[in-house]
Amino acid sequence: MKEDRTDPVVREAMAEWMHAAVHLNGNHMLTRELFHQAESKDRRWTPAKLRKAFSLAGLGQAKAAERGSRSIVYLKDSSEYSGEEAERLDMGSTPETLAKEWVVTVPR
């Protein structure tokens, strides 16, 4: 297995940026959109490096159960959700479930 050679300071910056980007997008977004925004910010931020910073950023990644579904990143911390989503989390939903339901509403 290759050793990750990303500078810890760079990884921290990537994590902070990803967390902010997902939060601004409503606490979940398509993974490929996140990667596209990261690439336009800094060409050295490859998808592989970004994936390694997901846990540091407090992000989870999921796919809906449907065939051909798209990958979603979402904030794992339920305290960052508000409004209707916070109410649904209080009733037993998980951030992952909310993200999987959200992706169905996004046009292809």
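Tell me, rounded to the nearest percent, the portion of alpha carbon pairs in the range 53-98 spaced more than 12 Å apart.
When all Cα pairs of the range 53-98 are counted, 63 percent exceed 12 Å.
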message: Apply the Karplus curve 6.51 cos²θ - 1.76 cosθ + 1.60, θ = phi - 60°, to the phi angles in the range 64-74 and return the couplings in whole Hz, x for Gly and Pro.
response: 5, 6, 5, 5, x, 6, 9, 6, 10, 10, 8
In the range 60-108, the GluC sites (Glu not before Pro) that fall in loop regions by DSSP, at most 13 other Cβ within 10 Å: Glu66
- line: With x for Gly and Pro, the residue-by-residue ³J(HN,Hα) of the range 8-22, computed from phi through the Karplus equation 6.51 cos²θ - 1.76 cosθ + 1.60 at θ = phi - 60° and given in whole Hz, is x, 5, 5, 4, 5, 5, 4, 5, 4, 5, 4, 4, 5, 4, 5
Label-point separation, Ser55 to Asp77 (7 Å along Cα→Cβ), nm: 1.8 nm
statement: Of all trypsin sites (Lys or Arg not before Pro) in the range 7-101, the ones in DSSP coil with at most 10 other Cβ atoms within 10 Å are Arg43, Arg67
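Once neighbouring chains are kept in place and the probe is 1.4 Å, which whole percent of the accessible area of the chain is contributed by carbon and sulfur? Present the calculation step by step, with values, prior to reporting the outcome.
Numbers: 3510 of 6980 Å².
Heavy-atom surface of the chain belonging to carbon and sulfur, 1.4 Å probe: 50 percent.
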- request: Multiply the residue gap between Arg44 and Glu16 by 0.36 nm, knock off their C-alpha separation, and tell me the result in nm, one decimal place.
  value: 8.5 nm
message: With the alpha-carbon atoms as the only input, what is the per residue convex hull volume for the range 1-64 in Å³?
response: 91 Å³
task: Using only the alpha carbons, work out the radius of gyration and Dmax of the chain in angstrom.
output: 14.3, 43
- request: Would you mind working out the magnitude of the charge dipole of the chain relative to its Cα centre, with +1 at each Lys and Arg C-beta and -1 at each Asp and Glu C-beta, to the nearest 20 Debye?
  value: 720 debye
task: Please name whichever of Leu75, Thr46, Pro8 sits farthest to the positive end of the charge dipole of the chain, dipole taken about the Cα centre and charges placed at Cβ: Lys and Arg +1, Asp and Glu -1.
output: Thr46
query: Per residue, how many Å² of accessible area does the chain show with a 1.4 Å probe?
result: 65 Å²
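The values are calculated or read from the model by the stated rules, or taken from the named source; none is laboratory data. Keep in mind that what you see is a predicted model, and the values were worked out from it rather than measured. Counting neighbours? That spans all protein chains shown, and the Cβs are built from the backbone with ideal geometry, glycine included. With ligands, DNA and RNA removed, areas are computed over all heavy atoms of the protein, side chains included. Shrake-Rupley method; radii C 1.70, N 1.55, O 1.52, S 1.80 Å.
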